[in-house]
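What follows is a short report on a single structure.
The values are calculated or read from the model by the stated rules, or taken from the named source; none is laboratory data. Note that the structure is predicted; figures quoted are calculated from it, not measured. Neighbour counts are summed over all protein chains in view; Cβ atoms, including those assigned to glycine, are modelled from backbone coordinates with ideal geometry. The area values use the complete protein model at the heavy-atom level, side chains included, leaving out ligands, DNA and RNA. Shrake-Rupley method; radii C 1.70, N 1.55, O 1.52, S 1.80 Å.
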Amino acid sequence: MQAPIAVLWMMGADAFQVCCTFGLTPVTPASPSFSTAPTASQGMKPSVFWRLADDIPKPMSTALMVLSIAVPFALWWIVASLDLVNDKFLPSPFQVAQALGRLWTDGFLLGDTAASIMRVTVGFLLAALVSIPIGIAMGAFASVRSLLEPIVGVVRYMPAPAFIPLLLIYLGLGEAPKIALIFMGTVFFNILMIMDAVKFVPKALLETTYTLGGQRRQALFQVITPYVVPNIIDTFRINIATSWNLVVVAELVAAENGLGKRIVLAQKFFNTDEIFACLIILGVIGFALDLSLRGLMKATCKWAMD
Amino acid sequence: MHLEINNLSKQFDTRQGPVVALDDINMHVETGEFVCVVGASGSGKSTLLRLVAGLDMPTAGEITVDGQVVTGPGSDRGMIFQSYTLYPWMTVQKNVEFGLKLQGVGPRERREMASYYLDVVGLTKFARSLPKQLSGGMKQRVAIARTLASRPKIMLMDEPFGALDVQTKETMQQFMLDLWNRTGVSILMITHDVDEAVFLSQRIYVLTAHPGTIQREVFVDLPSDRTYTIRRDRTFQDYREGIMDLLRGKAAPALVS
């Protein structure tokens with residue numbers, strides 16, 4: 001009971017100190033002034049916190065990033081420990097940690113996580129393999145674009161989960177409908193985003209290639225394709241979040257395992273602590289995927305980074 | 001090398017109707033010449049160069065290089081654009097090698113040729129750098145090395161120094177002149193900068209605007225080993241002012257005619 005309040009108080013003090021250190025003055029009520037003191041200059045007031053499209057100092061950035069996680073966590077901890085809410089509805093961080101341990105020792109955690117990751121990996125890899133050539137072709141050739149853009153544009157607005165009943169009818173209850181759902185839910189967005197990236201390849205770069213003796217085919221594979229690699233990685237980083245959503249949707253509807261299935265089971269037995277545990281795992285894995293794709297970008301596309 | 005342009009016209013179809021960009025252009029460039037085309041904006045001078053490069057097709061007339069009609073782009077007419085067209089993911093060395101790679105030259109020969117031309121443009125030290133680490137002038141020198149490495153019959157330059165600051169521009173002009181004297185490459189360059197044209201070239205075609213037609217051909221009778229001090233010469237200034245007057249639409253003094 002004492003600890004969380006102390007934590008919050010410390011966070012508050014920290015936040016205050018961060019603000020002061022970096023030049024954010026606390027707001028004080030303005031008092032009417034009749035003095036003939038020099039009037040404020042007409043220029044823009046300097047600020048660190050509110051600088052537009054600019055970096056902030058590293059320590060400030062680190063402090064704010066810590067707050068970003070610590071504040072919600074502390075709030076959760078406090079509300080749960082104040083006994084305002086029945087802990088059947090809002091389990092404490094400690095109870096969730098225990099649930100996590102339980103799921104781990106029972107072997108569910110590893111099995112369910114592996115099942116979900118496998119589905120995302122296969123479904124998204126298939127979508128990636130299909131979307132790269134089609135997206136590049138649509139971006140590079142107006143002809144292919146005219147041929148495919150209308151149909152892709154319509155189908156992508158059909159919500160992927162709406163296909164679940166059909167997928168179950170066509171593909172049964174195994175892995176296939178789940179992988180197909182992830183594939184369908186991401187492939188069209190991948191295609192359109194890659195297509196857009198190709199449109200931004202500078203025309204002069206292609207024309208230079210031609211005047212160096214290059215053929216269209218060489219321009220396509222040796223200029224356009226490497227130019228859009230960073231955009232492709234970025235596209236995947238954004239759309240893999242969708243596939244992570246869809247795998248849970250698929251598992252909520254019909255599955256024998258997976259983190260989505262674990263959540264449904266936990267609901268049946270009113271184990272909210274397990275639901276919380278699964279949500280945290282989902283968030284952490286998603287974030288890890290994001291970070292690893294960023295790492296891939298850093299490792300392979302130094303030329304495109306600032 | 002003999003570049004010839006005969007009765008060349010180019011018309012663009014716009015929503016407001018057809019626009020004649022170039023009308024009945026006749027000109028030529030011979031081996032080892034440095035020829036400039038000057039004109040105000042709207043004179044179609046960039047269009048002219050794109051037609052020579054084969055990146056656009058003429059409405060009428062024809063362009064020939066050594067008797068062969070130009071029907072598309074090719075490495076015999078290397079082009080330098082105003083925007084820096086280096087491949088951003090390749091090192092400077094790989095950029096210079098790329099034209100040779102496209103033409104199927106083997107890796108060892110590629111490397112040797114690229115190193116040679118990087119030395120010619122004075123950028124050997126930067127062979128392993130990425131384009132984004134270079135200044136504008138250096139990028140343009142890499143582009144020139146890349147084009148030269150492909151051994152073009154003629155190098156086409158579209159306002160290559162237009163985006164550079166005044167000091168860098170002057171350095172690059174001197175560099176270009178020295179390079180031309182050393183390599184003997186034939187050059188056709190487009191510019192709106194009359195001073196630049198007089199400083200660099202042996203012959204200048206002056207274009208009028210709307211539509212672009214050749215108003216005058218000016219022979220620049222100045223020594224080929226020019227330095228910046230030549231700008232103070234009376235003759236240099238006469239050429240410059242004469243061409244400026246032509247572009248203003250005034251009668252030109254006798255020297256230029």
For a quick check, take a GNM of chain A with Cα springs below 10 Å and name the residue from A:Glu251, A:Glu274, A:Glu207 with the largest mean-square fluctuation. A:Glu207
Taking B:His28, B:His192, B:His210 and ranking on accessible area (1.4 Å, protein atoms only), highest first, one gets B:His210, B:His192, B:His28
Under Karplus coefficients 6.51, -1.76 and 1.60, residue-wise ³J(HN,Hα) of the stretch B:204-213 in Hz, glycine/proline x: 10, 9, 9, 9, 8, 9, 6, x, x, 10
Using modelled backbone amide H atoms (1.01 Å from N, in-plane), which distant-in-sequence or interchain residues come within less than 5 Å of B:Met155's amide H? B:Ser186, B:Ile187, B:Leu188
Trypsin sites (Lys or Arg not before Pro) within the stretch B:88-167: DSSP coil, no more than 16 neighbouring Cβ in 10 Å: B:Arg128
How large are Rg and Dmax for the stretch B:1-88 when calculated on the C-alpha trace, in angstrom? 13.7, 42
Mind checking the full-extension length gain between A:Glu256 and A:Met118? Use 0.36 nm per residue of separation minus the Cα-Cα distance, one decimal, nm. 48.3 nm
Principal semi-axes in Å for the stretch B:74-160 [√(5λ), Cα gyration tensor, largest first]: 17, 16, 11
Using θ = phi - 60° and the Karplus curve 6.51 cos²θ - 1.76 cosθ + 1.60, what whole-Hz ³J(HN,Hα) does each residue of the stretch B:72-81 get, with Gly and Pro shown as x? x, x, x, 6, 6, 10, x, 10, 10, 8
Burial-style ranking of A:182-188, B:44-50, average other-beta-carbon count within 10 Å with highest first, yields A:182-188, B:44-50
Fraction in percent of alpha-carbon pairs per bin - 10 Å, the protein assembly as shown: 3, 13, 17, 17, 15, 13, 11, 7, 3, 1, 0
Efficiency by 1/(1 + (r/R0)^6): what FRET value for B:Arg232 and B:His210, r their Cβ-Cβ distance, R0 = 51 Å, to the nearest 0.05? 0.90
Among A:Met60, A:Met44, A:Met118, which one shows the biggest mean-square fluctuation in a GNM of chain A, springs joining Cα atoms closer than 10 Å? A:Met44
B:Trp180, A:Trp104, ranked by accessible area, largest first (probe 1.4 Å): A:Trp104, B:Trp180
The pairs in B:Lys45/B:Lys101; B:Lys101/B:Lys153; A:Lys199/B:Lys101; A:Lys58/A:Lys298; B:Lys125/B:Lys169 lying past 23 Å Cα-Cα in this model are B:Lys45/B:Lys101; A:Lys199/B:Lys101
Nearest 5 percent is fine: what portion of the DSSP beta bridges confined to the protein assembly as shown is antiparallel? 55
In degrees, nearest 10, the alpha-carbon axis of helix B:92-102 is tilted away from the dominant principal axis of the alpha carbons of chain B by 80
Can you list the chymotrypsin sites (Phe, Trp or Tyr not before Pro) in the stretch A:108-178 that are in a DSSP coil and have 13 or fewer other beta carbons within 10 angstrom? A:Tyr157
Return the single residue from B:Ile63, B:Ile190, B:Ile230 with maximal mean-square fluctuation; model: Gaussian network over chain B, springs between Cα atoms under 10 Å. B:Ile230
A:Gly213's amide H: which non-local residues (gap 5+, or another chain) put their own amide H closer than 5 Å, with H modeled 1.01 Å from N in plane and none for Pro or chain starts? B:Ser75
Sorted by chain and number, the residues with a modelled amide H under 5 Å from that of B:His2, at a separation of 5 or more or across chains, are B:Asp66
Averaged over all directions, how much area does the convex hull of the C-alpha atoms of chain B cover when projected, in nm²? 14.4
Using Cα positions and a limit of under 16 Å, work out the lysines in reach of A:Lys261, with same-chain residues fewer than 8 apart set aside. A:Lys178
Report ³J(HN,Hα) in whole Hz for each residue of the stretch B:149-158, in order, from the Karplus equation J = 6.51 cos²θ - 1.76 cosθ + 1.60 where θ = phi - 60°; Gly and Pro get x. 4, 7, 6, x, 6, 9, 9, 9, 10, 9
If eta is 1.306 mPa s and T is 10 °C, what Stokes-Einstein diffusion coefficient results for the stretch B:142-230, Kirkwood Rh from Cα pairs, in µm²/s? 113
Across all Cα atoms of the stretch A:105-304, Rg and the largest Cα-Cα distance (Dmax), in Å, are 19.8, 70
